[in-house]
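Take a look at the structure below.
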């Protein structure tokens with residue numbers, strides 16, 4: 001057992017889930033992440049496990065301070081997702097969920113690029129079934145688009161690894177930096193899965209189309225694995241600072257006008273990734289700690305928000321803001337847990353987001369990235385608006401839609417309750433989180449300047465929302481599909497094909513007609529040549545044939561000896 005890579009028990013165990021039924025299946029699935037986590041905790045610091053493959057030595061397991069943060073939170077996410085999905089009876093989801101988590105854990109602890117690539121691809125293949133499990137035509141099309149992006153990321157990663165190994169001879173997965181063709185391709189592969197601007201469409205397109213539980217699984221692993229990969233290989237890359245700043249800002253505007261609340265959360269997820277990318281780009285011990293801490297906290301509070309919206313979808317059949325409202329009367333516990341998630345993502349003091357986000361903001365200020373710091377503060381206010389206020393307001397409060405339903409099932413409430421408790425625990429006792437970060441933390445989030453400044457920001461964000469609502473300026477929640485850069489492949493490319501279709505049909509018909517004419521000419525020439533009076537059909541005398549053969553032989557002999 002001590003020689004097994006982390007996540008291996010979870011990986012193998014996920015395939016056996018269909019063999020169990022009822023309570024035995026629930027117990028087995030809950031035991032899988034617990035046993036895998038205990039196995040991880042039993043591995044010594046600096047543990048490595050190597051395998052020989054052809055001319056390469058694969059480091060399939062490497063336990064260090066950076067990977068340990070993601071290993072802990074990924075195991076916790078699997079456990080919470082299993083509790084949340086205890087009502088699911090679909091074997092596709094029951095197998096693919098834990099398998100997806102196991103692949104992400106394996107990738108985090110991979111010490112070489114080949115092993116990392118294999119786990120990277122396994123996360124793509126296992127996660128797409130959580131979208132297809134909705135079993136609708138819309139989900140199928142969305143899953144195909146999702147898979148194109150994910151496989152494209154894998155192709156770029158594999159090409160980058162090949163070029164990098166050819167240049168250096170090394171497959172070690174350590175700091176790479178940009179500058180060569182190989183490392184640039186690897187960077188691009190990570191950029192796709194981290195949903196960089198103009199590469200982000202798959203995230204907001206696919207997550208809202210997943211199943212009730214599938215969206216919670218998806219929110220935890222793919223993008224945070226990409227954040228880990230960037231932190232491992234490209235920490236200190238200055239371009240990431242500005243890419244991350246753009247990521248924090250642009251989703252705010254789309255989230256404000258979005259009607260689907262799970263799509264609002266997807267934009268919000270993109271926004272939060274930007275904070276982590278900025279931290280990686282700064283590259284100091286404080287900023288990397290901030291990125292690791294924010295990834296840890298983000299998985300929890302984002303899961304809590306997706307859980308609450310999943311519970312609403314499970315009970316009402318919709319998460320459209322225009323169709324909801326007043327659900328606090330029917331689902332008071334779900335509403336309370338959603339508010340805790342909203343306060344956490346908004347970085348209220350005493351909640352988890354405050355103790356992680358402040359590390360990144362402080363790192364930006366200390367390294368004199370003043371413009372970036374202002375962008376992050378603006379983005380923080382935007383988060384308060386679209387996730388801190390919009391999600392709970394339009395789902396549970398706002399106007400009363402008249403929907404009356406049951407409270408979420410007990411196992412969903414249990415999963416949300418545990419996650420909410422962890423959000424508060426980490427906010428009240430941040431040293432619990434700081435103790436497992438990659439570098440020693442000499443930082444206090446609870447200084448008067450931090451607390452007062454954040455409360456002022458949150459207060460004015462709430463005041464702005466109230467003013468916009470009262471004045472009627474705030475965009476109305478309408479039944480619509482909002483497009484951002486995906487307008488390229490949803491509208492522009494199909495429109496271009498429609499515009500070029502007449503030209504294409506003309507060229508095709510011309511080609512076919514021309515081909516037919518050529519065939520007719522060739523057949524006519526063949527009939528002429530092979531007719532009784534034609535060149536090949538006429539009778540030839542023997543002496544003429546002998547003469548022709550002699551001439552050909554003479555020519556060949558001359559050419560040969562020449």
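Of the options (1) 41; (2) 35; (3) 28, only one is percent of Cα pairs over 38 Å apart as computed from these coordinates, and that is (2).
Between residue 54 and residue 24, the modelled label-to-label distance comes to 4.4 nm, taking each label 7 Å out from Cα in the direction of the beta carbon.
Please rank 89, 204, fewest neighbouring Cβ atoms within 10 Å first, as an exposure proxy. Please list the in-between numbers first.
Values: 89 11, 204 26.
If I rank by nearby Cβ atoms, fewest first, I get 89, 204.
With a Förster radius of 25 Å applied to the beta-carbon distance between residue 45 and residue 285, the computed FRET efficiency rounds to 0.85. Helix 410-428 and the longest principal axis of the C-alpha atoms of the chain enclose an angle of approximately 70°. The C-alpha atoms of the chain define a longest principal axis, and helix 448-471 lies at about 70 degrees to it. Here the simple spin-label model places points 7 Å from the Cα toward Cβ, and for residue 530 and residue 476 these points are separated by 7.6 nm.
Sorted ascending by nearby beta carbons within 10 Å, beginning with the fewest, 52, 385 become 52, 385.
Go ahead and estimate [θ] at 222 nm for the chain from helices alone: -39,500 (n - 2.57) per DSSP H run with n ≥ 4, summed, over the residue count, rounded to 500. Walk me through the numbers before you get to the answer.
Working: 22 runs with 383 residues, N = 562.
One gets -23000 deg cm²/dmol as the mean residue ellipticity at 222 nm.
Restricted to Cα atoms, the stretch 235-443 shows a radius of gyration and a Dmax of 17.2, 52 angstrom. Counting other Cβ atoms within 10 Å as a rough exposure proxy, the listed residues 393, 328, 146 run 393, 328, 146 from fewest neighbours to most. Can you tell me the 0 to 90 degree angle between the C-alpha axis of helix 22-41 and the longest principal axis of the chain, rounded to 10? Tilt relative to the chain: about 90 degrees.
Take residue 318, project a point 7 Å from its Cα along the Cβ direction, then tell me which residues of the stretch 236-266 have their backbone nitrogen under 20 Å from it. Taking a point 7 Å out along Cα→Cβ of residue 318, the residues of the stretch 236-266 whose backbone N falls under 20 Å are 256-266. Here the stretch 5-84 and the stretch 395-461 have alpha carbon centers that stand 27 Å from each other. Here residue 548 and residue 238 are evaluated by their C-beta separation; at R0 = 56 Å the FRET efficiency comes out at 0.10. Between residue 184 and residue 520, the modelled label-to-label distance comes to 5.3 nm, taking each label 7 Å out from Cα in the direction of the beta carbon.
What is the stretch 1-231 by shape, rounded, prolate or oblate, if you read a ≥ b ≥ c off the alpha carbon gyration tensor as root eigenvalues and call it rounded for a/c under 1.5, prolate for a/b larger than b/c, and oblate otherwise?
Working: a/c = 2.12, a/b = 1.21, b/c = 1.76.
Cα axes put the stretch 1-231 in the oblate bin.
FYI, it's all coordinate maths here, none of it is from the lab. Only a predicted model underlies this, so the values are computations on that prediction, with no experimental measurement involved. Glycine gets a Cβ as well: all are built from the backbone with ideal geometry, and neighbour counts include every protein chain shown.
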